[in-house]
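K.L.:
My structure is below; once you've seen it, I'll send some questions.
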Amino acid sequence: MIDTKACPRCNGILIEDGWETMNQGKDGEVVIDAFPALICQSGCGYVKKVDEIPEIIAQQGDDRLLLKYSDDTGSILEVRDRVLCPRMNVDSILGRGYWEKYTGNHDIQDLLDEARVSESAEMEEPNLFSFATSELSQDAFLCWLMSWSPRSHRDLNRKLHEAAVDFIDRIFNAHKLPAPTVESIEIKRQFKSLDILAIVNNTYAILIEDKTYTKDHSDQLQRYRDTVKAEYPALTQLPVYFKIGDQSHYHSPNKVGYYPFRRREMLDVLKRGWEKGVNHPIFIDYYRHLNSIEDKVSAFNNKPVSEWDEFAWQGFFMELQKELDGNWGYVPNQTGGFWGFWWPSTTSDQYYLQLEQEKLCVKIVVEVESKRREIRNSQMEMVLRESSEQNLQLKRPAKLGKGKVMTIAHRDDYLQEAADGTVDLAKTLKELNKY
């Protein structure tokens, strides 16, 4: 039977015909698989296997049909909602409810063409930035977005232009400067190791150092400023430390004049653009990508502690940082490392406190090697005595350290949980403030 569909490759005529493939099995036998296929008559080489069209064998009212396939599996089709349920044994489906004999005259092919599989309701759409995870990919997005900011691009896509202007304006305002109308922008990637240099109106230099999940090191940020100054001495610099991940503090970028443009601020730009109607798929994908990171970081609020990943721990530590004067970060070690949070004790300057994810540790630092054992033992005795008197629930470590930094006591249950396993932040902070 001739199918009147056009070939998607060359627009030629497709006909339904037989096709077969030949493969060699493990034991050397030849396996032939024959099946119906749509074949292009123009000779462009297009061949597509024809999916089996099931038979409608039963119904429940007018809105639910039972489809049967040749392998004795079946699937329920919700006609009104256009949802096709997963396939399972057809007899099992028939045994789970009252089915009437099918008496309708539906065009099953049209129904299947319009239906969506039920699993898709819970699935996330594929996202470009789930694969383009490098800082270079993010650099490309920022360059692409800024390239829409000149006034000349307004009529090409007004909403995208306005989102780009919003981003540029925020950078100017963060540096206490009024934002100009962008008449021209020259964008340079990897300008002498600086991630992005954007020259606006031949007057301003936006320097963007993009740190996805890494941090600045040595004096690279100042070097970039010096390099741009040497090349463009007349330009007013607007340095930006762009960060979609999180870090404990931004002392280093702030010290050399970089504005920390963080994930939540970028999300605000993207959200405003989306609410105003920006629908470009690259823009929307990046918005969804940053939202997914934000959801992971905020997950400590609603996920059981036992299910926390590195992002949830970071979100938890950032929340603690609002109440405790501490820092956090990843601590590598021989056993694989952990996410930690450390802060000075409010009761003694002889030791400090460190959270090693689920464990609370009391730590001391002893510079002089010959005194480490003596100081460790005396401090440990003092801390354990205080713990007993004040019911701090600290225990002696199973193994005592000998290095410069040593754990002298620990507690494995400082996290206070609600009945559903999520963290009770108020009670946890109350516990931590005892030390």
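The values are calculated or read from the model by the stated rules, or taken from the named source; none is laboratory data. Please read these numbers as outputs of a predicted model, since none were measured by experiment. Heads up, the Cβs are rebuilt from the backbone with ideal geometry, glycines too, and the neighbour counts pull from every protein chain shown. Accessible surface areas use protein heavy atoms only, side chains included; no ligands, DNA or RNA. Shrake-Rupley method; radii C 1.70, N 1.55, O 1.52, S 1.80 Å.
K.L.:
Within the set of pairs 6 or more residues apart or between chains, which connect a residue that is outside any strand (DSSP E or B) inside the range 24-45 to a residue that is at pLDDT below 80 with Cβ atoms less than 9 Å apart?
P.N.:
Cβ pairs passing all conditions: G25/V31.
K.L.:
Restricting attention to the range 227-258, and to residues there that are aromatic (F, W, Y) and surrounded by fewer than 21 Cβ atoms within 10 Å (Cβ to Cβ), which single residue is nearest to P178 (Cα to Cα)?
P.N.:
Y232
K.L.:
Let me ask another. Take the residues of the range 3-61 that are in contact with a Leu (Cβ under 9 Å, 6 or more places away or on another chain) and of a type in the set (K, R): which is nearest to R96 (Cα to Cα)?
P.N.:
Among those residues, the one meeting the criterion is K49.
K.L.:
Looking only at the range 139-150, decide whether some residue is more than 15 Å from T236 (Cα to Cα), of a type outside the set (G, A, S) and touching a Gly at 6+ places or on another chain (Cβ under 6 Å).
P.N.:
Scanning the range 139-150, I find no residue that is more than 15 Å from T236 (Cα to Cα), of a type outside the set (G, A, S) and touching a Gly at 6+ places or on another chain (Cβ under 6 Å), so the answer is no.
K.L.:
Then there's this: Output the residue which, of all residues in the range 215-244 that are in contact (Cβ under 8 Å) with a residue 60 or more places away in the chain and under 24 Å from the mean Cα position of the chain (by Cα), is nearest to V200 (Cα to Cα).
P.N.:
Checked the range 215-244; the qualifying residue nearest to V200 (Cα to Cα) is V240.
K.L.:
Oh, and also: Six or more apart or on different chains, Cβ under 8 Å: which pairs go from a residue in the range 411-431 that's among the aromatic types (F, W, Y) to one that's loosely packed, with under 11 Cβ neighbours inside 10 Å? Could you list them?
P.N.:
Close Cβ pairs satisfying both conditions: none exist.
This table checks each residue for (1) out of contact with any Asp or Glu (no Cβ under 9 Å at 6 or more places or on another chain); (2) under 30 Å from Y287 (Cβ atoms); (3) exposed (fewer than 10 other Cβ atoms within 10 Å of the Cβ); (4) hydroxyl-bearing (S, T, Y).
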| residue | (1), (2), (3), (4) |
| --- | --- |
| I57 | yes, no, no, no |
| L66 | yes, no, no, no |
| Y69 | no, no, no, yes |
| G74 | no, no, no, no |
| D81 | no, yes, no, no |
| S92 | yes, no, no, yes |
| W99 | yes, no, no, no |
| I108 | no, no, no, no |
| A115 | no, yes, no, no |
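K.L.:
Considering only the range 412-435, how many residues are part of a loop (DSSP other than H, G, I, E, B) and either at pLDDT below 95 or not polar (S, T, N, Q) (or both)? Outline the logic, then answer.
P.N.:
First pass over the range 412-435, keeping only residues part of a loop (DSSP other than H, G, I, E, B): 412-416, 418-422, 424, 433-435.
Next, only the ones that are either at pLDDT below 95 or not polar (S, T, N, Q) (or both) stay: 412-415, 418-421, 424, 433-435.
So the count comes out to 12.
K.L.:
Filter the range 308-357 for residues that are among the acidic types (D, E), open to solvent by 80 Å² or more (accessible area, probe 1.4 Å) and touching a residue at least 40 places away in the same chain (Cβ under 8 Å) and give the result.
P.N.:
Selection gives E323 alone.
K.L.:
Look at S149 and say whether it is open to solvent by less than 60 Å² (accessible area, probe 1.4 Å), of a type in the set (S, T, Y) and under 20 Å from R272 (Cα atoms).
P.N.:
Yes, satisfied.
K.L.:
Given (1) β-branched (V, I, T); (2) within 30 Å of V269 (Cβ to Cβ); (3) in contact (Cβ under 8 Å) with a residue 60 or more places away in the chain, identify the lone condition not met by V297.
P.N.:
(3)
K.L.:
Taking the range 262-292 only, how many residues are under 14 Å from W144 (Cβ atoms) and not in a helix (DSSP H, G or I)?
P.N.:
Residues in the range 262-292 being under 14 Å from W144 (Cβ atoms) and not in a helix (DSSP H, G or I): 2 in total.
K.L.:
Let me ask something additional. Select from the range 68-79 the residues that are closer than 14 Å to D110 by Cα and either outside any loop (DSSP other than H, G, I, E, B) or more than 39 Å from the chain's Cα centre (by Cα) (or both) and list them in ascending order. Show your work before the answer.
P.N.:
First, pick out the residues of the range 68-79 that are closer than 14 Å to D110 by Cα: 77-79.
L77, E78 - these are the residues of the range 68-79 that are closer than 14 Å to D110 by Cα and either outside any loop (DSSP other than H, G, I, E, B) or more than 39 Å from the chain's Cα centre (by Cα) (or both).
K.L.:
Of the residues I208, I187, I196, which is within 22 Å of E162 (Cα to Cα), open to solvent by 20 Å² or more (accessible area, probe 1.4 Å) and not in a loop (DSSP other than H, G, I, E, B)?
P.N.:
Going through I208, I187, I196 in turn, just one is within 22 Å of E162 (Cα to Cα), open to solvent by 20 Å² or more (accessible area, probe 1.4 Å) and not in a loop (DSSP other than H, G, I, E, B): I187.
Here's the yes/no breakdown for (1) closer than 26 Å to H289 by Cβ; (2) modelled with pLDDT under 95; (3) open to solvent by less than 10 Å² (accessible area, probe 1.4 Å); (4) part of a helix (DSSP H, G or I):
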position	(1), (2), (3), (4)
P126	yes, yes, no, no
L145	yes, no, yes, yes
D155	no, yes, no, no
F172	yes, no, yes, yes
D216	yes, yes, no, no
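Residue-by-condition table, conditions (1) modelled with pLDDT under 95; (2) open to solvent by 20 Å² or more (accessible area, probe 1.4 Å); (3) under 16 Å from Y351 (Cβ atoms); (4) part of a strand (DSSP E or B):
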position: Q379; (1), (2), (3), (4): yes, yes, yes, no
position: M382; (1), (2), (3), (4): yes, yes, yes, no
position: E389; (1), (2), (3), (4): yes, yes, no, no
position: L400; (1), (2), (3), (4): yes, yes, yes, no
position: H410; (1), (2), (3), (4): no, yes, yes, yes
